[in-house]
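The values are calculated or read from the model by the stated rules, or taken from the named source; none is laboratory data. Because the structure is predicted, anything quoted here is derived from the model rather than measured. Positions of Cβ are backbone-derived with ideal geometry, glycine not excepted, and every protein chain shown enters the neighbour counts.
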């Protein structure tokens, strides 16, 4: 049962199924903290929240897959970049619960993890459809092509990043999990949480959850996707939508007023475009691997940690309690990926295995 249901029993009416192993651990990043001058730097290990596949999608899918089951759906449709963790996680956990999964994939800059995720998509039987980077084409696939494929049946749409009021409940609940860990003395109440902000749902859920749980923690969302998409306005709207959704199920849930000045969205760490490598992001990935033995990625978590620490340094906040919420998956899937030949994928995806990756070209001159 979600922890938040203990405070708001009416939320038991929201479908939920157990996928992950929670609570996820909190660990001190002693070496990383010392390297950057932070005396109290910690990590929330959502990367290890499942032995099958970790990361932030697990908490969201606990709600979304339950909702799909409740509605009698058999097929899941979701979308993301060609290296999407969202598509892969939906396919993995969807298959475990009897769903077929179709992933609508949009082009993104190439990287080693893009190759690995595409191979794993095929390994787990996910149907992949390559779409041009236009919303019109994406929704044409969803509304027409896929329904025709399913004989007129309507699949369950898992939104990009699983970020709607249902999926985002996972991170409202996560904040209550953190509150329990604070009460148990596992960590002093954080002054700041650093987290990657792409489809916004994780950041929105944590913001609302911290307020409802009585935590004074400030959530630093580090923008890692397109500026036109990741805005304070959309974050505020998501928070409101989750809040209203909760109140429909339990009238005792207060409606929280969130002002733009209450929200933190850190800019300047994305790079030239979505999924492009940056110096600060790659440095954070390398440091975490070398100093702590913890893998991060260059698209989301490396940029989030590097950007969050940089911003806090500029505010002279190194003496604060800082919690980095790791939204990456650290389960090693390389052995499974090695058993898949990329030529088994639809031809539109072969280019990601024949064209150079950013690992091969970034910092090449250095």
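Any residue at all in the stretch 67-74 that is within 17 Å of residue 301 (Cβ to Cβ), touching a residue at least 40 places away in the same chain (Cβ under 8 Å) and in a helix (DSSP H, G or I)?
So in the stretch 67-74, the residues within 17 Å of residue 301 (Cβ to Cβ) come out as none.
No, the stretch 67-74 contains no residue that is within 17 Å of residue 301 (Cβ to Cβ), touching a residue at least 40 places away in the same chain (Cβ under 8 Å) and in a helix (DSSP H, G or I).
Listed residues 205, 161; which is closer than 27 Å to residue 93 by Cα and touching a strand residue (DSSP E or B) at 6+ places or on another chain (Cβ under 9 Å)?
Values: 205 fails: touching a strand residue (DSSP E or B) at 6+ places or on another chain (Cβ under 9 Å).
After applying the criteria, what remains is 161.
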Legend entry - Options 305, 309: the member that is in contact with a strand residue (DSSP E or B) (Cβ under 6 Å, 6 or more places away or on another chain) and either assigned to a helix (DSSP H, G or I) or over 30 Å from residue 14 (Cα atoms) (or both): 305
Inset, instruction - All but one of (1) within 22 Å of residue 357 (Cβ to Cβ); (2) modelled with pLDDT of 95 or more; (3) out of contact with any helix residue (DSSP H, G or I) (no Cβ under 7 Å at 6 or more places or on another chain) hold for residue 119, so report the exception by its number. - result: (3)
Inset, instruction - Working only within the stretch 318-335, note down all residues that are closer than 25 Å to residue 198 by Cβ, out of contact with any strand residue (DSSP E or B) (no Cβ under 9 Å at 6 or more places or on another chain) and not in a loop (DSSP other than H, G, I, E, B). - result: 334
Inset, instruction - State which residue is surrounded by the most Cβ atoms within 10 Å (Cβ to Cβ) when the search covers only the stretch 329-366 and only residues that are under 23 Å from the mean Cα position of the chain (by Cα), in contact (Cβ under 8 Å) with a residue 60 or more places away in the chain and under 30 Å from residue 21 (Cα atoms). - result: 329
Inset, instruction - Being in contact with a helix residue (DSSP H, G or I) (Cβ under 6 Å, 6 or more places away or on another chain), part of a helix (DSSP H, G or I) and touching a residue at least 60 places away in the same chain (Cβ under 8 Å) is the filter; apply it to the stretch 214-247 and report the residue that is nearest to residue 278 (Cα to Cα). - result: 238
Inset, instruction - Just give me the residues in the stretch 92-128 being assigned to a loop (DSSP other than H, G, I, E, B) and touching a strand residue (DSSP E or B) at 6+ places or on another chain (Cβ under 6 Å), in sequence order. - result: 99, 108, 126
Inset, instruction - Residues being closer than 25 Å to residue 320 by Cα and without any contact (Cβ under 8 Å) to a residue 40 or more places away in the chain: count how many of those fall in the stretch 34-64. - result: 1
